[in-house]
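Report on the following structure.
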Amino acid sequence: MGRVFIDCREIPSEKKCSLAMAADSEKELLEAAVQHAVNTHGHKDTPELRAMIKSAFHKGTPPMASPAHAA
Ligand SMILES: [Zn+2]
């Protein structure tokens with residue numbers, strides 16, 4: 001299976017976070033992303049948070065440029 005990534009630039013947040021994370025499995029990425037959401041964004045680790053994070057996963061690797069809809 002290929003890389004899967006999440007790009008914090010796509011997710012609206014008060015911090016204007018520019019972090020992107022990539023991993024070989026969704027499980028690995030989910031754990032890293034949950035840690036990041038909790039530690040950096042102050043979220044609670046809930047099933048809702050995990051579902052939200054998973055819905056922002058993409059196949060491939062993070063683009064160099066910011067997504068067009070990022071501020
Ligand atoms: Zn972030």
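The values are calculated or read from the model by the stated rules, or taken from the named source; none is laboratory data. These numbers were taken from a predicted model, which means no experiment stands behind them. Note: ideal-geometry Cβ built from the backbone for every residue, glycine included; neighbour counts use all protein chains shown.
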Filter pass, I6 being closer than 17 Å to A65 by Cα and within 15 Å of the ligand (Cβ to nearest atom): yes
Residue selected from segment 9-39 under the condition modelled with pLDDT under 95 and out of contact with any helix residue (DSSP H, G or I) (no Cβ under 7 Å at 6 or more places or on another chain), by the criterion surrounded by the fewest Cβ atoms within 10 Å (Cβ to Cβ): E14
Failed condition for A51, given (1) within 11 Å of the ligand (Cβ to nearest atom); (2) exposed (fewer than 12 other Cβ atoms within 10 Å of the Cβ); (3) among the hydrophobic types (A, V, I, L, M, F, W, C): (1)
Within segment 42-66, considering residues that are in a helix (DSSP H, G or I) and hydrophobic (A, V, I, L, M, F, W, C), the one nearest to I6 (Cα to Cα): I53
Cβ-Cβ under 7 Å pairs, at least 6 apart or on other chains, segment 42-66 side β-branched (V, I, T), far side part of a loop (DSSP other than H, G, I, E, B): T61/R3
Filter result (of a type in the set (S, T, Y), away from the ligand (no atom under 15 Å from the Cβ) and at pLDDT below 95) within segment 54-70: T61
Close pairs from segment 9-36: first free of Cβ contacts under 8 Å to residues at least 12 places away in the same chain, partner assigned to a strand (DSSP E or B) and surrounded by 11 or more Cβ atoms within 10 Å (Cβ to Cβ), Cβ under 7 Å, at least 6 apart: A32/M21; A32/A23
